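Accompanying notes for the structure given below.
The values are calculated or read from the model by the stated rules, or taken from the named source; none is laboratory data. This structure is a prediction, so every number in the text was calculated from the model and none was measured. A quick note on method: Cβ atoms are made from the backbone with ideal geometry, for glycine too, and the neighbour counts reach across all protein chains shown.
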Amino acid sequence: MHRSTPRRSTPAALPALLLSLLLALTACGGGDDPDSGAAAETSDAFPVTVTGSNGEVAIEERPESIVSLSPTATEMLFAIGAGDQVTAVDDYSNYPEDAPVTDLSGFTPNAEAIAGYEPDLVVLSNDQNGIVDALEALAVPTLLLEAAVSVDDSYEQIETLGDATGHAEEAGSVVAGVQERIADAVASVPDEVEGMTVYHELGPELFSVDSSTFVGSIYAMFGLENIADGPGEAAGGYPQLSPEYVVGAAPDLIVLADTKCCGQTAATVAQRPAFDTIPAVREGRVLEADDDIASRWGPRIADFAEAVAETLQG
């Protein structure tokens, strides 16, 4: 059992499917080396039964040919030391650099193409085109781990992959490390951060996230109030805000999750009409985030929390 990271409020609703896909499949990664380098556990733990979004999945033997169709799952697998068991990943799994990237698609998956890699376990985050049933019809063990809606969901998925791959101990260590780093990041910010407001930008069209989303739950840990919470209720957690709304909300922190996809920076934001009046812009609290780190729910969420803390400290 993992222990929950201290938080100051709790998220609620599930994210919209389409924008969950967008978040899961963003481009170009970076950050710390995710491979723990730990030796594989023995096969004595098998057979095992793990639970995913598609129910219970029986795994008879330690998988040695894993196909990951989820960039987040790929990061988790390598972080827990199962990288050597991964034989193929989807075309958006760009982290770590040594992940075996192929032209397999997690957005438009093809069961026959996946089966061509002779996997003994397939991990994915979306059941697009009925891919779960199609793979099960081919007798391919398939573990569906849908987009997390809380940090605890992320921890549970890491632990599930640890059980599924024979790396339960390493997975527990990864979770403990991420929990500690996030707790330290939250504790590092001054008390006056409580109640400050945040605007998270998914794109220059001003799509955002509210507190019911995974990313929103991280801001809640810092005691931040999300300016998208009102509009987000009618938009599945991912509202499109107007420039006038953002300016009027006067956020104290702006987080740009569109630096790679769309070339947005603190400078481009300041050039938008009236955005130079926003406290976050005036006071230098605009975080130019890595699009991938700000959208995936794997171990690099600790990197993101630390980046938020550093910006708030500044």
May I ask you to list pairs of residues, at least six apart or on different chains, whose Cβ atoms are under 6 Å apart, with the first in the range 274-297 being farther than 17 Å from T259 by Cα and the second being of a type in the set (F, W, Y) and crowded, with 21+ Cβ neighbours inside 10 Å?
W297/F214
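Name the helices (runs of 4 or more DSSP H) wholly inside the range 231-314 in which the number of residues that are under 21 Å from the mean Cα position of the chain (by Cα) is 1 or more. Give the steps one after another, and end with the answer.
Values: elements: 243-249, 259-262, 266-270, 279-282, 301-313.
Those helices (runs of 4 or more DSSP H) span 259-262, 301-313.
Can you tell me which residue within the range 209-230, out of those that are among the hydrophobic types (A, V, I, L, M, F, W, C) and touching a strand residue (DSSP E or B) at 6+ places or on another chain (Cβ under 9 Å), is surrounded by the fewest Cβ atoms within 10 Å (Cβ to Cβ)? Outline the logic, then answer.
Step one: of the range 209-230, the residues among the hydrophobic types (A, V, I, L, M, F, W, C) are 209, 214-215, 218, 220-222, 224, 227-228.
Narrowing the set further to residues that are touching a strand residue (DSSP E or B) at 6+ places or on another chain (Cβ under 9 Å) leaves 209, 215, 220, 222, 224, 227-228.
On the way: V209: 32, V215: 26, A220: 20, F222: 23, L224: 27, I227: 25, A228: 30.
Top of the filtered list is A220.
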Among the residues of the range 89-109, is there at least one that is in the same structural domain as E156 (by TED's automatic domain parsing), touching a Pro at 6+ places or on another chain (Cβ under 7 Å) and within 17 Å of D163 (Cβ to Cβ)?
no
Identify, please: which residue in the range 159-201 is among the hydroxyl-bearing types (S, T, Y) and assigned to a helix (DSSP H, G or I) and is, among those, farthest from G298 (Cα to Cα)?
S188
Given the conditions (1) touching an Asp or Glu at 6+ places or on another chain (Cβ under 9 Å); (2) in contact (Cβ under 8 Å) with a residue 60 or more places away in the chain, report the number of the one that A164 does not fulfil.
(1)
Of these, E192, E205, E201, which one is farther than 30 Å from D44 by Cα and surrounded by 24 or more Cβ atoms within 10 Å (Cβ to Cβ)?
E201
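Taking the stated definitions as given, is V269 under 18 Å from A280 (Cα atoms) and touching a His at 6+ places or on another chain (Cβ under 6 Å)?
no
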Residue pairs qualifying under the 7 Å Cβ cut-off, at least six apart or on distinct chains, with the first in the range 121-141 being touching a residue at least 24 places away in the same chain (Cβ under 8 Å) and within 15 Å of P71 (Cα to Cα) and the second being part of a helix (DSSP H, G or I) and hydroxyl-bearing (S, T, Y), are S125/T72
Residue pairs, Cβ under 8 Å, 6 or more apart or interchain, first in the range 237-256 and without any contact (Cβ under 8 Å) to a residue 40 or more places away in the chain, second surrounded by fewer than 23 Cβ atoms within 10 Å (Cβ to Cβ) and among the charged types (D, E, K, R). List them.
Q240/E205; P243/R272
